[in-house]
Amino acid sequence: MGQQRVVHYINQFFGQIGGEEKGNQTPIIRDGAVGPGLALQKLLEKDATIVATVICGDTYFAENTEAAIDEILQGIKKYEPDFFIAGPAFNAGRYGLACGAICQAVKDNLKIPVITAMYPENPGAELYAKDVLMLKTGNSAVAMKDALSRLSGLALRMINGEELGFPEEEGYIPQGCRVNIWAEKTGAVRAVDMLLKKMKGEAYETELPMPVFDRVNPAPAIDRIQDAVIALVTSGGIVPKGNPDRIESANASKYCKYSIERIDDLTSQEFETVHGGYDPVYALQDPDRVLPLDAMRQLEKEGEIGKLYDYFYTTVGNTTAVSNASRYGEAIGKDLLANGVSGVILTST
Amino acid sequence: MHVCTILPISLTVGANRILPGVAIPYPTGNPALSEGEELKLRKKMMLKALTALSTKINEQTAF
């Protein structure tokens, strides 16, 4: 393989233009390696050459992201890069965001492999780690030497077309990919092994880390519930008969909103459940067992609440990704607020 | 407020006002009861849900 042409992206600070006061620096492209690129070049040795370095102010990139990306893409094309490296950005927020964004843009537009490096809690990691390969680093430039040596190692292996191993072995931020592997022991044996280790207080590594859930402060109490508009929401998959919007019975790709105006009772003739994760017999007989409309309508008539909101929201909470569910929840919340709803009863199965 | 049969799930996902449901396939019903009794149970549960919504809390609370 011939020598690969690498373009390196760094900010104004590492590009030796200046500190925060030079944050508005527009993109500059220099031939060869600059700043941390010099050390990186030594590590890349003969397999790859940093043919150009892009230096851009963090503030400029953050405030003019699209323009900065355009300028940089135009500027580096003539160097005909085979590979693109950005950072390391450590825990510098705007720098990390810039590294993620420019890597994504280069990958999508120039169709070449990219890699960056930053501290896992850098906001750039949360936003781009799924699409852009990101090496984990320490949180400040004190970790530069270690970061560059691992960054160059990983880059060289990518340049040489080697397949990368798991994130834990290679030190990059997990991208949520699932791959098939041959395992010596079945899942059941591995699970029991893990359990025994846990019981003995020994170290073990989970194969499926649990997602981290948000915590929110409790909403204030509703002052006059007799005047409040209350809405019904469910993840139990109750839909109008026939499932007109085709909500999937597992891993739902959407939520839907249906009118219950002038409906006093959910009947099996008009409603059903499409949830694929629980025995549907009881909900099919009487959907109120999952979405308690009949009871709420009576309480509305008895003056316990001001009004039952005219629509209910529904999705299927069956192997649905937390990220998707959060998205549906946020959208439903916004819609409810915009429609003057002050309380929600969310049922799940 | 969250009506959920498996309380630990509701606590894990971060719901703040929680009302335990009757069973996974019928959180707000009970097929063993007569229709009238079942509706009575459901109304009782919903009244409790409304109490939860109008109660000030400072941390995750099961009603």
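A few remarks follow.
- Per this entry, residue A:262 is not counted among residues that are within 20 Å of residue B:2 (Cβ to Cβ), without any contact (Cβ under 8 Å) to a residue 12 or more places away in the chain and among the charged types (D, E, K, R).
- Per the conditions (1) open to solvent by less than 100 Å² (accessible area, probe 1.4 Å); (2) β-branched (Val, Ile, Thr); (3) in the same structural domain as residue A:42 (by TED's automatic domain parsing), the sole criterion not satisfied by residue A:216 is (3).
- Residues in segment A:159-200 that are closer than 22 Å to residue A:125 by Cα, part of a helix (DSSP H, G or I) and open to solvent by 80 Å² or more (accessible area, probe 1.4 Å): A:168, A:169.
- Of all residue pairs spaced 6 or more apart or on separate chains, those with beta-carbon atoms under 8 Å, a first member in segment A:160-178 that is more than 17 Å from residue A:44 (Cβ to Cβ) and in contact (Cβ under 8 Å) with a residue 24 or more places away in the chain and a second member that is assigned to a helix (DSSP H, G or I) and among the small types (Gly, Ala, Ser) are A:173/A:125.
- Every listed requirement among (1) part of a helix (DSSP H, G or I); (2) in contact with an Asp or Glu (Cβ under 9 Å, 6 or more places away or on another chain) is met by residue A:52 save one, (1).
- Members of segment B:23-37 found to be under 13 Å from residue B:4 (Cα atoms) and either in a helix (DSSP H, G or I) or more than 7 Å from chain A (Cβ to nearest Cβ) (or both), listed by number: B:23
- Selected residue (only one of A:102, A:76, A:115 is in a strand (DSSP E or B) and of a type in the set (Val, Ile, Thr)): A:115
- In segment B:1-22, the residues that are surrounded by 16 or more Cβ atoms within 10 Å (Cβ to Cβ) and in a loop (DSSP other than H, G, I, E, B): B:1, B:5, B:15, B:16, B:21, B:22
- Residue match in segment B:38-49 (condition: of a type in the set (Gly, Ala, Ser), facing chain A (nearest Cβ under 7 Å), surrounded by 15 or more Cβ atoms within 10 Å (Cβ to Cβ) and free of Cβ contacts under 8 Å to residues at least 40 places away in the same chain): no
The values are calculated or read from the model by the stated rules, or taken from the named source; none is laboratory data. Quick caveat: nothing in here was measured; it's all calculated off a predicted structure. All Cβ positions, even for glycine, are placed from backbone atoms using ideal geometry, and neighbour counts span all protein chains on display. To get the accessible areas, we keep the full protein, side chains included, count just its heavy atoms, and leave off ligands, DNA and RNA. Shrake-Rupley method; radii C 1.70, N 1.55, O 1.52, S 1.80 Å.
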